[in-house]
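K.L.:
Sharing a structure with you now.
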Amino acid sequence: MKEIKILAVDDIEANRVSLQYLIQEYLDNVELILASSGEEALKITYKEKIDIIILDVQMPGLDGFDTAKYLKSNPRTQNIPIIFLTAAFKREEFQQKGFQIGAIDYLTKPIEDHQLINKLNLYIEVIIKNKQLQAVNDNLYKALQKEIELKEQIQKQQLELIEQSKMAALGEMIGNIAHQWRQPLSLISTCASGIKLNFELGIAKDKEVKASMENIMNTTKELSETIDNFRDLSYKEKLAKFNLSKIINKAIKAREHLIKDNNIEIITNLDNSIELTNLPNSLVQALINLIHNSKDALEKIDSKRYIFIDSYINKENLIEITITDNAGGIKTNYLNKVFEPYFTTKHQAHGIGLGLNITYKVINDSMSGKIKIKNSKFTYQETEYEGACVTITLPFKI
Ligand SMILES: Nc1ncnc2c1ncn2[C@@H]1O[C@H](COP(=O)(O)OP(=O)(O)OP(=O)(O)O)[C@@H](O)[C@H]1O
Ligand SMILES: [Mg+2]
């Protein structure tokens, strides 16, 4: 395909033929289209993409000047360079008129062939350069467009990722709340059905009813505290200075009924002087999880059931809390798995395997502490026992 399309407009056939001859002879990459009138020229410019127009001035119908005015008034054609080529309108005023309309050149005949060819060559060169520049520009524009699209896509993906991780965090939060709610809910249900049964049997005693009601009220409070603890990801329990023994006793009280019903004895050996600045409610939740685990394990043994809770200051001047039971301990090959989420040896109805995982996160991440679990052998009242022993280490201040 030829690179440049020239439209030559002349009503005199001889002129058209000689121009055609010239161009064919000297300009390789030019395709010449001929028109015999202004009207025909306008029609052609609608259909073809013309690069240069060589326009005769004196023509019947639309003359060269009017044709040029039409071309210049149409956005589609206004940028096509126009060269007037005339034998008749040589005077200065016509030349001026031609330039005023917007022609790039005004050539008058007779004109030497090589002079005309040279001029055309010059314009062709400029047009080709322009085209190349335009192509580079188009490519740049396309590349830019692509880059913008890519960036938008990345942004969209990032938003989706954020959304996904938000949903995952939300799921985790709901899982955590559900976990902490299972025990208190069943406690409330047990208390309520106990009262109902006693009423039906006619053996309900005021004192017992009152105690059960209090238990229900306390447990409901615990439910709402759990929500506060996990409410949203930005929620942080406020740091507070508190007495450790009080918090340990609060956790024990929260599971008092469960402990009594299962004939478990809790033996505490607490340093009542320990005061620390940390997250008291989170610590209650953690201790409740550990007491609950011991209770679950103790249910399976027939001998006496103990949970020992000790608190003291260790050699490194850190606070230590240990929760030990005499339920036999954890299988050695499970010991390094128990903190993993959803690790459980219990039936689905009794455990989902989140208790120790939540406790680990609370102690490590929120409370700047450490938690370890091991099996321990010990003697109590001259009897040897074995059971799981959880050690929580906490700083005095975070
Ligand atoms: N005191 C313990 N004695 C014996 N085994 C224990 C004790 N504490 C935890 N485990 C073991 O560790 C596992 C994981 O405990 P974790 O508290 O994470 O989950 P779970 O109690 O099974 O279920 P969930 O706490 O979600 O209701 C338990 O299934 C149990 O096998
Ligand atoms: Mg548990």
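All of the numbers you see were taken from the coordinates with simple rules; none came from a lab. Just so it is clear, the structure is predicted and the values come from calculations on it, not from any experiment. Reconstructed Cβ throughout: ideal geometry from the backbone, glycine too, with neighbour counts over all protein chains shown.
K.L.:
Send over the Kirkwood Rh of the chain, from the inverse of the averaged 1/r over different Cα pairs, rounded to one decimal Å.
P.N.:
Radius from the Kirkwood sum: 29.5 Å.
K.L.:
Cβ under 12 Å from PRO341's Cβ, PRO341 left aside: what net charge do those residues give with Lys, Arg +1 and Asp, Glu -1?
P.N.:
Here the count lands on 0.
K.L.:
Here's something else I'd like to know. Under 10 Å, Cα contacts only: if you run a Gaussian network model on the chain, which one of GLY202, GLY171, GLY355 comes out with the highest mean-square fluctuation?
P.N.:
In the Gaussian network model the winner is GLY202.
K.L.:
Given the options GLY61, GLY328, GLY194, which has the most mean-square fluctuation in a GNM of the chain, springs set between C-alpha atoms less than 10 angstrom apart?
P.N.:
Most flexible of the set in this elastic network: GLY61.
K.L.:
Going by the alpha-carbon gyration tensor, a ≥ b ≥ c the square roots of its eigenvalues, is region 51-142 rounded (a/c under 1.5) or, if a/c is not under 1.5, prolate (a/b greater than b/c) versus oblate?
P.N.:
The shape class here is oblate.
K.L.:
DSSP beta bridges in region 237-394, what fraction antiparallel, as a percent rounded to 5?
P.N.:
80 percent
K.L.:
Post the alpha-carbon centroid distance, region 153-188 to region 328-362, in whole angstrom.
P.N.:
The distance from the Cα centre of region 153-188 to that of region 328-362 comes to 20 Å.
K.L.:
May I pose another question? Taking square-rooted eigenvalues a ≥ b ≥ c of the alpha carbon gyration tensor, is region 5-79 rounded, prolate or oblate, where a/c under 1.5 means rounded and, failing that, a/b exceeding b/c means prolate?
P.N.:
Here region 5-79 falls in the oblate category.
K.L.:
Quick one, what does Rg over Rh come out to for region 43-87 if you take C-alpha atoms and the Kirkwood Rh?
P.N.:
0.94
K.L.:
Would you calculate a helix-derived [θ] at 222 nm for the chain, using -39,500 (n - 2.57) for each DSSP H run of n ≥ 4 and dividing by the full residue count, to the nearest 500?
P.N.:
Result for the chain: -17500 deg cm²/dmol, rounded to the nearest 500.
K.L.:
Excluding LYS300 itself, calculate the net charge of residues whose Cβ lies under 12 Å from the Cβ of LYS300, where each Lys or Arg counts +1 and each Asp or Glu counts -1.
P.N.:
Taking every Cβ under 12 Å from that of LYS300, the sum is -1.
K.L.:
Starting from the Kirkwood radius over alpha-carbon pairs of region 242-398, derive D by Stokes-Einstein at 4 °C in a medium of 1.567 mPa s and give it in µm² s⁻¹.
P.N.:
82 µm²/s
K.L.:
Cut-off 10 angstrom, C-alpha nodes, Gaussian network model of the chain. Which of ASN121, ASN269, ASN375 fluctuates the most?
P.N.:
Of the options given, ASN121 has the highest mean-square fluctuation.
K.L.:
Of the options LEU22, HIS257, GLN100, report the single residue whose Cα projects farthest towards the positive end of the charge dipole of the chain (beta-carbon charges: Lys, Arg +1; Asp, Glu -1).
P.N.:
Value computed over the given set: HIS257.
K.L.:
Just flag the trypsin sites (Lys or Arg not before Pro) in region 292-373 sitting in loop per DSSP whose Cβ has no more than 16 other Cβ atoms within 10 Å.
P.N.:
Here the trypsin sites (Lys or Arg not before Pro) that fit, given the DSSP loop and packing criteria, are LYS300, LYS304, LYS315, LYS331, LYS337, LYS346.
K.L.:
Take every DSSP beta bridge with both residues inside the chain and express the antiparallel ones as a percent of the total, to the nearest 5.
P.N.:
Counting only bridges with both partners in the chain, antiparallel ones make up about 55 percent.
K.L.:
When only DSSP loop residues count, what GluC sites (Glu not before Pro) in region 1-84 have their Cβ near at most 14 other Cβ atoms within 10 Å?
P.N.:
Loop-located and lightly packed - GLU3, GLU48.
K.L.:
Another question, if that's okay. In the neighborhood of LYS241, defined by Cβ-to-Cβ distances under 14 Å, what is the net charge if each Lys or Arg adds +1 and each Asp or Glu adds -1?
P.N.:
Charge balance near LYS241 sits at +1.
K.L.:
So which GluC sites (Glu not before Pro) in region 85-116 pass both tests, a DSSP loop state and at most 16 other Cβ atoms within 10 Å of the Cβ?
P.N.:
Loop-located and lightly packed - GLU112.
K.L.:
Give, as ranges by residue number, the residues of region 78-121 whose backbone N falls under 19 Å from the point 7 Å along Cα→Cβ of LEU140.
P.N.:
What the label zone holds, given the 19 Å backbone N cut-off, is no residue at all.
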